[in-house]
Amino acid sequence: PSPKSLQPNGASEEALRCEIKELKRKDLALDQEIAQLLSEGYSLEELDKHISLLHEYNEIKDAGQMLLGKLAVIRGVTTKQLYPEYDLELSD
């Protein structure tokens, strides 16, 4: 493709402007939330640790869900049907 064809048209430029504006709004909201947490006595290190632990939890949970899904396929049941067998809540 030519460099001219890679340039966004007017509609795409407007969509990008809106996306940038929304990302800036989210950035400001997150900065405000961090400031609020800091004012409540949390430290950045503590917040970073919590975020790291949440990421780890989500990765482990995703792996568990994948395994339950594969087991459900092997057994010919739904994942939901396996939850009671492993003492899991549907909200887990």
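The values are calculated or read from the model by the stated rules, or taken from the named source; none is laboratory data. Nothing here was measured: the structure is a model prediction, and the numbers come from that model. Cβ atoms come from the backbone with ideal geometry, glycine included; neighbour counts cover every protein chain shown. Surface areas here come from the heavy atoms of the whole protein model, side chains and all, with no ligands, DNA or RNA. Shrake-Rupley method; radii C 1.70, N 1.55, O 1.52, S 1.80 Å.
Within the stretch 33-43, is even one residue within 20 Å of the chain's Cα centre (by Cα) and without any contact (Cβ under 8 Å) to a residue 40 or more places away in the chain? Scanning the stretch 33-43, I find at least one residue that is within 20 Å of the chain's Cα centre (by Cα) and without any contact (Cβ under 8 Å) to a residue 40 or more places away in the chain, so the answer is yes.
Take Lys24 and decide whether it is on the phi < 0 side of the Ramachandran plot and either open to solvent by 90 Å² or more (accessible area, probe 1.4 Å) or outside any helix (DSSP H, G or I) (or both). Yes; evaluated as a whole, the condition is true for this residue. Looking across the stretch 45-64, the residues that are modelled with pLDDT of 95 or more, open to solvent by less than 100 Å² (accessible area, probe 1.4 Å) and of a type in the set (A, V, I, L, M, F, W, C) come down to Leu53, Ala63.
Just to be sure I understand the filter: pairs with C-beta atoms under 8 Å, separated by 6 or more residues or on different chains, first member in the stretch 59-77 and closer than 17 Å to Asp87 by Cα, second member in a helix (DSSP H, G or I) and open to solvent by less than 40 Å² (accessible area, probe 1.4 Å). Which pairs pass? Short answer, once both residue conditions are applied: Leu68/Leu82; Leu71/Leu82; Ala72/Leu82. Scanning the stretch 35-63 for residues that are under 20 Å from Leu88 (Cβ atoms) and either touching a helix residue (DSSP H, G or I) at 6+ places or on another chain (Cβ under 9 Å) or of a type outside the set (Gly, Ala, Ser) (or both) yields Leu54, Glu56, Tyr57, Asn58, Glu59, Ile60, Lys61, Asp62.
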